[in-house]
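K.L.:
Dropping the structure in here first, questions after.
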Amino acid sequence: MPRIVKNAILTCSWLLLAFSAGAQSKTLAATPPMGWNSWNHYAEKVNDATIRAQADAMVASGMRDAGYVYVNIDDTWEGTRDEKGVIHSNEKFPNMKALADYVHSKGLKLGIYSSPGAKTCAGFAGSLGHEEQDAQTYSEWDVDYLKYDLCSFGDEMAKAGSEEKAHQLMMDAYTKMHKALQKTGRPIVLSLCQYGVDSVWRWGESVGGNLWRTTGDIGDNYARMAGIGFSQAGLAKYAGPGHWNDPDMLEVGNGGMSLTEYRTHMSLWAILAAPLLAGNDLSKMTPETAQILTNRKVIAIDQDPAGIQGDRVRSEGPFEIWAKPLADGSKAVALFNREDTWMKSAMMEVNFRDLGFDGSVKVFDVWENKDLGVLEGMYKTEVPPHGVALLVVSAK
């Protein structure tokens, strides 16, 4: 076959795959996924009872009614494969289908975890060489979400011989699982977890990802959270309905940050149109934690149907202003004070012209749940160290 014809066929095949991946993604994760993941709080100590308790708490706390849907099991659920290669859950999860049925009975959805490598991050069985088998098993269990973590697949990439081949190998691995999930006929959200390697935001949608991790793992401290969150500047053009940038899970309520810092965390993720996957013990939430996680107006910013990720408008030293266009023509605006906590509150201001508004505007303070009325020119307010003022600004 002449090379030019062969190249044309390959190009058409790739475009068809990309179109197919994109088309299916629009039916899944139309807004950033919301739910809970076991890793941040429980790590390897997760089991069937834990998942049921978190599902119960998600309902009792009002989180389900606020939009949190997925209950996601992270690593360490995996058992061994039988003689046919079919994966089974270990003793911590005696009946995964029954667990899925229980979660579904609560009006929620079940998520699970694997790796394109031979082993998961915790050393359990990965999906390498068993992609279609595992996808079929997840479908038979009625799983709704798969977090697919690169982990040991790095060993395969290291054998590739060049960066280009390693990159292609990684893309092929994610494409393979995407196609395997498609083949089952069950709508299963595919979450690519590979820490932003090779600028995944540029190609994640083309391999079937509904969301992709843009960073390394988050930690329950302000420095790590802020470092991850604010590094998302410039990535807005790669996100939209069915395909989202993912700066990792929420740490709200795990105890390593102040309530002010957790409000900043939640506000920044909402401006970023980031997936909202809680990572705390929902059964032991304080009222303050529940108020942050279930604030309907903050969630509405994240879940806005226009699906536009926000971006940085202006920065000056430790002071940053971010804005997110909303479907009704208004904008969510966040004034972040990144100054260290031993400093006093700082007076911050936002010029409405910088946001694209001429003339008078209406301003609403989201966390204070307060209508600030009609304003002209600019708005000034005190913002505490590591804190935020979250506004919705609309034309009069």
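K.L.:
Tell me which residues, restricted to the stretch 260-301, are in contact with a Ser or Thr (Cβ under 8 Å, 6 or more places away or on another chain) and either at pLDDT below 95 or closer than 19 Å to Ala389 by Cβ (or both).
P.N.:
Matches in the stretch 260-301: Tyr262, Val298.
K.L.:
Just to check your reading of the model, which residue among Val103, Val71 is among the aliphatic types (A, V, I, L, M), part of a strand (DSSP E or B) and surrounded by 21 or more Cβ atoms within 10 Å (Cβ to Cβ)?
P.N.:
Values: Val103 fails: part of a strand (DSSP E or B).
The conditions single out Val71.
K.L.:
Using beta carbons and a limit of 8 Å, which pairs, at least six apart or on different chains, have the first residue in the stretch 349-376 and without any contact (Cβ under 8 Å) to a residue 40 or more places away in the chain and the second one of a type outside the set (Gly, Ala, Ser) and part of a loop (DSSP other than H, G, I, E, B)?
P.N.:
Gly359/Glu376; Gly359/Lys396; Ser360/Glu376; Ser360/Lys396; Val361/Glu376; Val361/Lys396; Lys362/Lys396; Val374/Lys396
For every residue, the table says whether it meets (1) in contact with a Phe, Trp or Tyr (Cβ under 6 Å, 6 or more places away or on another chain); (2) without any contact (Cβ under 8 Å) to a residue 60 or more places away in the chain; (3) over 30 Å from Arg263 (Cα atoms).
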{"position": "Ala135", "(1), (2), (3)": "no, yes, yes"}
{"position": "Asp172", "(1), (2), (3)": "no, yes, yes"}
{"position": "Trp201", "(1), (2), (3)": "yes, yes, no"}
{"position": "Gly204", "(1), (2), (3)": "yes, yes, no"}
{"position": "Gly209", "(1), (2), (3)": "no, no, no"}
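K.L.:
Can you pull out every residue in the stretch 176-234 that is closer than 15 Å to Asp144 by Cα and among the charged types (D, E, K, R)?
P.N.:
Within the stretch 176-234, Lys183, Arg186 qualify.
K.L.:
Could you check Trp367 against (1) closer than 21 Å to Ala233 by Cα; (2) buried (at least 18 other Cβ atoms within 10 Å of the Cβ) and say which number it fails?
P.N.:
Answer for Trp367: the failing condition is (1).
K.L.:
Might you let me know whether the stretch 154-163 holds any residue that is within 30 Å of Asn254 (Cα to Cα), surrounded by fewer than 17 Cβ atoms within 10 Å (Cβ to Cβ) and in contact (Cβ under 8 Å) with a residue 12 or more places away in the chain?
P.N.:
Step one: filter the stretch 154-163 for residues within 30 Å of Asn254 (Cα to Cα), giving none.
No, the stretch 154-163 contains no residue that is within 30 Å of Asn254 (Cα to Cα), surrounded by fewer than 17 Cβ atoms within 10 Å (Cβ to Cβ) and in contact (Cβ under 8 Å) with a residue 12 or more places away in the chain.
K.L.:
I'm checking my understanding of the structure. Among residues of the stretch 115-135 that are of a type in the set (Gly, Ala, Ser) and within 16 Å of Lys92 (Cβ to Cβ), which one is nearest to the chain's Cα centre (by Cα)? Step through it out loud before you land on a result.
P.N.:
Our first condition is that a residue be of a type in the set (Gly, Ala, Ser); within the stretch 115-135, this holds for 115, 117-118, 122-123, 125-127, 129, 135.
After this cut, where a residue has to be within 16 Å of Lys92 (Cβ to Cβ) as well, the list is 122-123, 125.
Values: Ala122: 21, Gly123: 24, Ala125: 24 Å.
Among those that are of a type in the set (Gly, Ala, Ser) and within 16 Å of Lys92 (Cβ to Cβ), it is Ala122.
K.L.:
Taking into account only those residues within the stretch 258-282 that are assigned to a loop (DSSP other than H, G, I, E, B) and touching a residue at least 60 places away in the same chain (Cβ under 8 Å), which is farthest from the chain's Cα centre (by Cα)?
P.N.:
Restricting to residues being assigned to a loop (DSSP other than H, G, I, E, B) and touching a residue at least 60 places away in the same chain (Cβ under 8 Å), the top hit is Ser258.
K.L.:
Which residue out of Ala98, Ala118, Ala125 is surrounded by fewer than 16 Cβ atoms within 10 Å (Cβ to Cβ) and either of a type in the set (A, V, I, L, M, F, W, C) or not assigned by TED's automatic domain parsing to the domain that holds Ala53 (or both)?
P.N.:
Ala98
K.L.:
I'd like the full set of residues that are within 18 Å of Ala180 (Cα to Cα) and either assigned to a strand (DSSP E or B) or out of contact with any strand residue (DSSP E or B) (no Cβ under 9 Å at 6 or more places or on another chain) (or both), limited to the stretch 106-121.
P.N.:
Answer for the stretch 106-121, where residues must be within 18 Å of Ala180 (Cα to Cα) and either assigned to a strand (DSSP E or B) or out of contact with any strand residue (DSSP E or B) (no Cβ under 9 Å at 6 or more places or on another chain) (or both): Gly111, Ile112, Tyr113, Ser114.
The values are calculated or read from the model by the stated rules, or taken from the named source; none is laboratory data. Predicted model only: the values in this text are computed from it and were never measured. Please note: Cβ atoms are built from the backbone with ideal geometry, for glycine as well, and neighbour counts cover all protein chains shown.
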